[in-house]
Amino acid sequence: ALGGPRSKLSFTPIAPVDALVDAMTVPAGFTWKPVIRWGDPLFSNSPVFDAGNQSAAAQALQFGYNCDYTDILALPGSKGRRAVLFANHEYTNEAIMVPPSLAPAEVRGIGKAAHGLSVVELKRKNTAKPWSYVQGAPRNRRFLTTTPYELTGPAAGSDLVKTIDDPAGRTVLGTLGNCAGGTTPWGTILSGEENFNGYFVSAGISAGDRRYGLGSTPTVRGWELDEARFDTRRPGYENEKHRFGYIVEVDPFDPTSTPRKHSALGRFKHEGANVTIAPDGRVVAYSGDDERFDYLYKFVSTNTVQPGNTPEARRANMSLLSQGSLYVARFQGNSVPEINGAGALPTDGAFDGVGEWLPLLLDNESAVPGMSAAEVAVFTRLAADKVGPTKMDRCEDVEPNPVTGKVYVACTNNTNRGTGTNAAADEANPRTANRDGHVVELTEAGGDATATRFTWNLLLVCGDPAKNSTAYFSGYPADKVSPISCPDNLAFDSVGNLWISTDGQPGTIGYCDGLFKVALEGAERGRVEQFLAVPRDAETCGPIIHDDERSVFVAVQHPGEDGTWAAQVSRFPDYVPAGVQPAPGQGALPRPSVVQVYRG
Ligand code: FEO
Ligand code: CA
Ligand code: CA
Ligand code: CA
């Protein structure tokens, strides 16, 4: 099987890998190597990773845990031999990270320091060689829970975000629950604050608290024991929870820059955001709210992108996401969905229809009666509830295809669809108890990303065709595809093939999560081919497809998550044999890592 008619990255698909296998599996002719691992030292004064003797102070100077969104951006003028790597660190698994004998306060400190973001410089001898990271490079940076972020957009300076520590309501410390992301055309990185609610204790009574899953039980990590702001019942900190749940923008080339949180893109469980440039030069950012029955959003900037890479142009472009219009999507099917029977398609033979983008903010002014712009920006879910958008099956990554402009939406799963009093299946979310997820293909009216109307169809209704007769691959023969379940992150190669990474296959189709290529055009459309599988319990994140260099990068998140300190179930990526003392800097435990897969 070829990797696409014009892509240089050809490969023979791998067979699905049993969920209990603790191996990184890549196609024949390819090899893999970590670019950077949890605990690797970033600065000249960083301690060497020592799993049994980890400390919060060491962790703050080392690569964080559970990397999710990742990108690699070449340094200008380096002839492709230097780059910056960005990775975020979504959450921590203390039970397998640190010895249980450590003092609880130290465990909390390690966990906290392993959250946030990292930027690290990479080098390679030439473009045919794999990257390695450069300890002590000038652009290396850790973003911790003490790092200041500038809040922009309608929420900035409003009473809804002021705290005793930030009476101006404009500076937030830290970013939490960073999941997927995107790289902007002006060379910055966007990262989505997703499950931020789990870090806060709250009264749990208000409509805002309930709609965002904020409750009064102690948090799993217990940071409220050390920092008052994580218990928002405390006087002066009532609004701290309103300062998370945003899209964060980082300039990875300037280690002194202040990252931003853009409230004009709304506050919800942002999976991530991806930007495209509309024909008139305005920029459009798509973002999904990853919660069962929540919504798909897009933001359209007020101002237009400045061409070029001058400092002035970059500065102007870095404010594009601070002002604009925010919309939420309503999907309408065009046929009766006969979706729950064996292999049944809708009456017209396609899961498809039309849709519209419903305004919540217009040029930073509220479009929702009874709510101020700041209220829409902070309580975006409540605002959206008022305008009747479509309840989706957990929108994860949403990404425009740079070749065709069509927008792809990964709906990872929703086992509650159609159960009890929950919303029934509809043509855009066609499965009751949707275990395997699906992928929506959306075409903006006139090919203009700022349009308020669109058409849509389903590219994939995922599953293992051998076990799930409702799996659908745009008509491609189901017996000739790799089984796929729980689509999460999306990427494109240089010729516009879609790449999908998964999160949850072990629990649905019994295979390790992986990375899959999907052809979108011509006779091959809907053909799913598995490129790699990640080790036991891991989710496949990133991904980055540098098909022109015949390499692929993925972030391997939470390997061995279901083990314990004493009984680890993954030893990725060092694979130190049992009973052997790890070499300095290595570990006999799972280490979330960014991995390069390349010919060789
Ligand atoms: Fe962190 Fe929606 O996956
Ligand atoms: Ca239809
Ligand atoms: Ca995700
Ligand atoms: Ca996920």
Exercise for the section: Could you please find all residues in region 483-495 being crowded, with 20+ Cβ neighbours inside 10 Å, of a type outside the set (A, V, I, L, M) and more than 16 Å from ligand 1 (Cβ to nearest atom)? Expected result: Pro483, Asp493
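Condition check ((1) of a type in the set (Gly, Ala, Ser); (2) crowded, with 21+ Cβ neighbours inside 10 Å; (3) within 16 Å of ligand 2 (Cβ to nearest atom)) across all residues:
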| residue | (1), (2), (3) |
| --- | --- |
| Arg260 | no, yes, no |
| Lys269 | no, yes, no |
| Asn274 | no, yes, no |
| Pro279 | no, no, no |
| Val284 | no, yes, no |
| Ser287 | yes, yes, no |
Problem - Output for region 74-124, where each listed residue is over 27 Å from Thr256 (Cα atoms) and of a type in the set (Asp, Glu) - result: Glu94, Glu106
Fill in the blank from the handout: Ala155 vs (1) outside any loop (DSSP other than H, G, I, E, B); (2) more than 16 Å from ligand 1 (Cβ to nearest atom); (3) of a type in the set (A, V, I, L, M, F, W, C); (4) crowded, with 24+ Cβ neighbours inside 10 Å: all pass except (1)
Exercise for the section: Scan region 527-574 for residues that are within 16 Å of ligand 4 (Cβ to nearest atom), under 24 Å from Thr12 (Cα atoms) and in a strand (DSSP E or B) and report the count. Expected result: 8
Practice task
For region 107-115, state whether one or more residues are surrounded by fewer than 16 Cβ atoms within 10 Å (Cβ to Cβ) and either touching a residue at least 60 places away in the same chain (Cβ under 8 Å) or within 20 Å of Lys241 (Cβ to Cβ) (or both).
Solution key: no
Handout entry: Where a residue in region 387-402 is touching a residue at least 12 places away in the same chain (Cβ under 8 Å) and under 23 Å from Asp436 (Cα atoms) and its partner, wherever it lies, is among the polar types (S, T, N, Q) and more than 16 Å from ligand 3 (Cβ to nearest atom), with Cβ under 8 Å and at least six apart
Key = Thr390/Asn429; Lys391/Asn429; Met392/Asn429; Asp393/Asn429; Asp393/Asn434; Pro400/Thr276
Exercise for the section: Answer yes or no as to whether Pro582 is closer than 25 Å to Leu85 by Cα and either assigned to a loop (DSSP other than H, G, I, E, B) or among the polar types (S, T, N, Q) (or both). Expected result: no
Exercise for the section: Give the number of residues within region 28-55 that are surrounded by 19 or more Cβ atoms within 10 Å (Cβ to Cβ), assigned to a loop (DSSP other than H, G, I, E, B) and at negative phi. Expected result: 6
Problem - Among the candidates Val398, Val387, Val407, Val378, residue that is out of contact with any Cys (no Cβ under 7 Å at 6 or more places or on another chain), within 16 Å of ligand 3 (Cβ to nearest atom) and within 16 Å of Val328 (Cα to Cα) - result: Val398
Completion exercise
Of the listed residues (Asp352, Asp348), the one being more than 30 Å from Thr175 (Cα to Cα), surrounded by fewer than 16 Cβ atoms within 10 Å (Cβ to Cβ) and of a type in the set (D, E, K, R) is Asp348
Completion exercise
Among residues of region 446-503 being at positive phi and either more than 23 Å from the chain's Cα centre (by Cα) or at pLDDT below 95 (or both), the residue farthest from ligand 3 (Cβ to nearest atom) is Gly446
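The values are calculated or read from the model by the stated rules, or taken from the named source; none is laboratory data. Model, not experiment: these values are computed from the prediction. Reconstructed Cβ throughout: ideal geometry from the backbone, glycine too, with neighbour counts over all protein chains shown.
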